[in-house]
Structure formats: C-alpha cells, structure tokens
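First the structure, in the form of structure tokens, and then the observations on it.
Rule-based calculations on the coordinates, nothing more; no lab input. Values in this document were obtained by computation on a predicted structure and should not be read as measured data. Cβ: placed from backbone, ideal geometry, glycine included. Neighbour counts: every protein chain shown.
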Amino acid sequence: MKKATLVYLLNSQNQLLLCTKKRGFWLGKVNWIWGKVKDSEDVLVAALRELEEESMIALSADDLQEVGLCHFYWPHKPERDVNVYIFVWNYEWEFEETEEVKPERYDTKHLPYEFMWPNDIHFVPRLINGEKDFEYEFVLDPDGQIISYQKFS
C-alpha cells in the first residue's frame, strides 16, 4: 500500500492554518499539506520535504510531531489505497500563497468541514485537542465520500 503524509499547523491563538489546494488530487478541497512518500523515504522526511515543496516552509525533524495514522481504501480503484501519517506543528509566523496552496487561518471552533474531506471531521478535532496515536480506517466511494469507517484508537 502507498504511503503519504499530512501536516497540520496550529498556533497559540487556537487557529488552524488550512489551505485550499490549487492543483492536483485534492484540487479545491480545504486541508493542509499532504504528499506521497517515495519508496526509500522515511515518513518524517517525506512530511518535511512535502511541506517545503508545497508551502516553502523548511523545518527540522524536531519541529514535527506524528499524531496519527489513517488508512484509506478505495474499493473501486485499489491503486489509490494509501496509509496517511498525520503530523502537527505549532507555528507562529505568516505564510504566503504558493503555486500549490492558498493558506487561510481558521478558528479551531469554526473549521470549514463542509469544504474539507469527509473523514476530517473524525480526526481533526482530536489533533486540535492534542491527542496522539489515533488510528482510523476509511473506505471511500469514487467521490471520496465515506462508505464506512473504523476507529482503532
């Protein structure tokens, strides 16, 4: 199964920095930086690389904290199946729009879940609350809607 990473950025004002994807698979969805893990690459290294490529944010390995794992299954297209490793970083600076993403800060109590992926409502509140080591499995239809899901921890 393929691997990918997803990095969320929180600040001390209880804001989550989310971005509208401007190209690629998540086009038009509001989320944060994600990307595929290369075959010989560690997931943390991949998260740092994707964060820098898509947002121009260069961090060290000590800056990111891995908080969860989500397994995504697409029965109609199994080549899309992917394990996504979730990271979080506490930030305190400004970010600019790039070719990949348009960033915007959202109060953590008023997130735009209607524009986010349907699975986000299950785990994003947990990472906002500082929970760690959560794990989910999502089975998705061709449009990315949840057919079923299971929470492991």
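Cα centroids of the stretch 115-153 and the stretch 38-90: 15 Å apart. All C-alpha to C-alpha distances of the chain, sorted into 10 Å bins beginning at zero, yield P(r) values of 11, 43, 39, 7, 0 percent in whole numbers. Calculate how many DSSP beta bridges within the chain are antiparallel, expressed in % of all such bridges and rounded to the nearest 5. In the chain, approximately 65 percent of DSSP beta bridges are antiparallel ones.
Within the stretch 55-118, the percentage of alpha carbon pairs spaced more than 19 angstrom apart rounds to 57%. What number comes out for the charge environment of D42, summing +1 per Lys or Arg and -1 per Asp or Glu over other residues with Cβ under 12 Å away? With Lys, Arg at +1 and Asp, Glu at -1, the net is 0. Packing, as the average of other Cβ atoms within 10 Å across residues, places the peptides 129-139, 56-66 in the order 129-139, 56-66, highest first. Can you pick out the pairs among K109/K151; K38/K132; K38/K77; K77/K109; K2/K109 whose Cα atoms lie more than 27 Å from each other? As for pairs spanning more than 27 Å Cα to Cα, those are K77/K109; K2/K109. Using the alpha carbons alone, the radius of gyration of the stretch 89-130 stands to its Kirkwood radius in an Rg to Rh ratio of 0.98.
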